[in-house]
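K.L.:
One structure is given below, represented as structure tokens, and several questions about it will come after.
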Amino acid sequence: LQKILILLQVTLSVVVGKTLMILFPNAMKRYILKMGEKSRMNQNPKFSYENWGPTFFSFRYLQFVLKVKWKRLEDEAYEGHPAPNTPVVTLGGEVCHVLDFMKDNRPLILNFGSCT
């Protein structure tokens with residue numbers, strides 16, 4: 001049910017966005033560039049709006065957003081339920097999953113921090 005709701009939400013968003021791009025191309029360009037500022041995409045001199053802007057609200061965009069949102073459904077943690085087995089990358093660059101580090105019946109402790 002959650003996947004169907006996400007499909008409807010994202011599809012509606014893409015249809016509305018594509019329609020607005022056709023009807024109001026300059027306004028949508030400004031909007032997309034504003035979104036690019038938030039993600040700092042505009043700071044890369046090798047990318048111009050013409051490279052990535054028109055891909056917004058395309059079929060590939062729809063597929064990508066659905067894939068990401070559906071994957072996030074698997075990563076939600078709920079009290080009293082099993083922990084999600086999310087992918088992680090080791091310092092050596094190997095991709096594995098959190099639960100790969102479980103040993104017998106010992107608890108797995110995740111320590112999060114930052115170096116600033």
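K.L.:
Name the residue, out of 60, 106, 72, 40, that is surrounded by 10 or more Cβ atoms within 10 Å (Cβ to Cβ) and among the basic types (Lys, Arg).
P.N.:
72
K.L.:
Look at residue 38 and say whether it is within 14 Å of the chain's Cα centre (by Cα), among the basic types (Lys, Arg) and modelled with pLDDT of 75 or more. Step through it out loud before you land on a result.
P.N.:
Values: within 14 Å of the chain's Cα centre (by Cα): no; among the basic types (Lys, Arg): yes; modelled with pLDDT of 75 or more: yes.
No; evaluated as a whole, the condition is false for this residue.
K.L.:
I want to confirm something. Restricting to segment 75-116 and keeping residues that are free of Cβ contacts under 8 Å to residues at least 12 places away in the same chain and in contact with a Ser or Thr (Cβ under 8 Å, 6 or more places away or on another chain), which single residue is nearest to residue 7 (Cα to Cα)?
P.N.:
75
K.L.:
Applying the selection to segment 1-23, what residues are among the basic types (Lys, Arg) and closer than 21 Å to residue 53 by Cβ?
P.N.:
Filtering segment 1-23 for residues among the basic types (Lys, Arg) gives 3, 18.
Within segment 1-23, just 18 meets the criteria.
K.L.:
Mind checking which residues of segment 1-27 are under 13 Å from residue 65 (Cα atoms), surrounded by 12 or more Cβ atoms within 10 Å (Cβ to Cβ) and hydrophobic (A, V, I, L, M, F, W, C)? So that I can check it myself, show each step before the final result.
P.N.:
First pass over segment 1-27, keeping only residues under 13 Å from residue 65 (Cα atoms): 3, 6-14.
From the residues that got through so far, the ones that are surrounded by 12 or more Cβ atoms within 10 Å (Cβ to Cβ) too are 6-7, 9-11, 13-14.
Answer for segment 1-27, where residues must be under 13 Å from residue 65 (Cα atoms), surrounded by 12 or more Cβ atoms within 10 Å (Cβ to Cβ) and hydrophobic (A, V, I, L, M, F, W, C): 6, 7, 10, 14.
The values are calculated or read from the model by the stated rules, or taken from the named source; none is laboratory data. Computed from a prediction, not measured in an experiment: that's the story for all the values here. Positions of Cβ are generated from backbone atoms using ideal geometry, with glycine treated the same way; all protein chains shown enter the neighbour counts.
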